[in-house]
Amino acid sequence: MMALVSKDLYSARSGIGVILLFAVVFGALFRDTWTGPMVVTLLFANIGNSTLTWDEQCQWNTFAVSSGISRRTLVLSKFQSGMVFVVVGAVVGLIVSAAFTYSGFSDIPLDQSIQGVALGAIVSAAVMGVTVSVTYWTGDSAKAQYLSIGVMVVIIIALVAGSTILTDLIG
């Protein structure tokens, strides 16, 4: 299983630099709201979704199943690698937020940045879970993209609305 997660991490290495650049740019654009740290976390954690498309293009799953790897193992490895990307995205979000706050580039306090990173990690984990589930359920990433977009929009709206309501209740 760890070899499959390592494969996903290895295949994602080419996109990490570009996504990190975009994450820092978007973090700088939205630096004075909690949205900036959330966007940094979301962008970086979204690399996990790209591995699904790359595997389909290379027909990796067909090769893996014909090599004796069970479909269940493939799905579980995607969930695990997705969570690795979410954790790395949260760490990058925290580092960027702390750097912006301590350098005086951002006006929001660090605790609000941490809340944005936490919300971004929760949304990223939900999106990754839905995307992996729908992709393996439909068997085609093209169909899965359309279906998961609708499901993700509903999840993101529910999470953001829930966090806004919770924030208002807590004060």
Take the range 61-70 and flag every residue that is more than 16 Å from residue 138 (Cα to Cα), open to solvent by 30 Å² or more (accessible area, probe 1.4 Å) and part of a helix (DSSP H, G or I). 63, 65, 66
Taking the conditions exactly as written (open to solvent by 30 Å² or more (accessible area, probe 1.4 Å), outside any loop (DSSP other than H, G, I, E, B) and at pLDDT below 80), does residue 6 satisfy them or not? no
Quick one: how many residues across the range 1-49 are touching a residue at least 60 places away in the same chain (Cβ under 8 Å) and under 21 Å from residue 98 (Cβ atoms)? 18
Is there a residue being under 22 Å from residue 130 (Cβ atoms), of a type outside the set (A, V, I, L, M) and out of contact with any helix residue (DSSP H, G or I) (no Cβ under 8 Å at 6 or more places or on another chain) anywhere in the range 29-48? no
Checked the range 18-30 for anything open to solvent by 50 Å² or more (accessible area, probe 1.4 Å) and either at pLDDT 80 or above or part of a helix (DSSP H, G or I) (or both); matches are 18, 20, 21, 22, 24, 25, 26, 29
Residue satisfying condition, being at pLDDT below 80 and either open to solvent by 80 Å² or more (accessible area, probe 1.4 Å) or in a helix (DSSP H, G or I) (or both), within set 73, 53, 33: 53
Go through (1) buried (at least 24 other Cβ atoms within 10 Å of the Cβ); (2) over 20 Å from residue 49 (Cβ atoms) for residue 124 and report which single condition fails. (2)
Identify, please: which residue in the range 77-108 is open to solvent by 70 Å² or more (accessible area, probe 1.4 Å) and in a helix (DSSP H, G or I) and is, among those, modelled with the lowest pLDDT? 102
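The values are calculated or read from the model by the stated rules, or taken from the named source; none is laboratory data. Computed from a predicted structure; not experimentally measured. When we count neighbours, we look across all protein chains shown, and the Cβ atoms used for this are built from the backbone with ideal geometry, even at glycine. Only protein heavy atoms, including side chains, enter the accessible area calculation; ligands, DNA and RNA are left aside. Shrake-Rupley method; radii C 1.70, N 1.55, O 1.52, S 1.80 Å.
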